[in-house]
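Here is the structure we will look at, set down as structure tokens.
Values in this text are rule-based calculations from the coordinates and carry no lab data. The model shown is predicted, which means the values in this text are computed figures rather than measured ones. Every residue, glycine among them, receives a Cβ derived from its backbone with ideal geometry; neighbour counts consider all protein chains shown.
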Amino acid sequence: MIRLIFNNLFQVTRSTISALKDTKICKWILEKLPDREEIKEDVQEIISDLETEKDETVESAKILARVVTGKEVSHKEKEFAAQQSRDVLKIAGMGVVAVAPGGSLAVPVLVKAARKVDLEMLPSAFQDNQKTEKNAEMNSPINKNDK
């Protein structure tokens with residue numbers, strides 16, 4: 001089912017852009033679109049990161065259950081549970097933004113804006129596997145002299 005959704009999304013995006021006039025910006029966008037294998041790898045990485053977050057949340061719940069029942073919990077376990085609680089709140093907050101109209105565009109913009117002021121909005125599982133950003137910014141095909 002997920003494969004069908006991504007295949008259709010990929011085809012719709014390419015065909016929509018191809019249908020537009022043959023302009024510099026359209027050519028640039030078509031060159032920058034990831035291929036199917038890249039999309040597949042990214043989706044698999046997201047699913048893996050979500051599974052990691054799920055496992056960490058289950059472990060955190062076990063630690064919290066031990067706290068509630070009065071059993072001894074180490075300082076390291078308390079820190080882990082606190083970090084995981086922050087991760088759960090980050091996921092919940094991003095989920096609220098994502099379901100709002102325009103949310104699919106707002107989430108990446110918010111994450112990038114937060115990084116500029118040294119805030120991390122992504123949960124820890126996503127930070128560990130995150131690819132390093134390219135040093136060079138993508139250059140716009142629009143030349144300032146073309147005005």
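Note on region 44-88: residues that are acidic (D, E) and under 21 Å from L119 (Cβ atoms) total 5. Can you tell me which residue within region 55-114, out of those that are among the polar types (S, T, N, Q) and within 22 Å of F126 (Cα to Cα), is surrounded by the most Cβ atoms within 10 Å (Cβ to Cβ)? Here the answer is Q84. Within region 55-69, residues that are assigned to a helix (DSSP H, G or I) have Cβ atoms under 8 Å from residues that are surrounded by fewer than 12 Cβ atoms within 10 Å (Cβ to Cβ) in these pairs: R66/E72, counting only partners at least 6 apart in sequence or on another chain. Condition check for D118 on (1) in contact with a helix residue (DSSP H, G or I) (Cβ under 6 Å, 6 or more places away or on another chain); (2) at positive phi: one failure, at (1).
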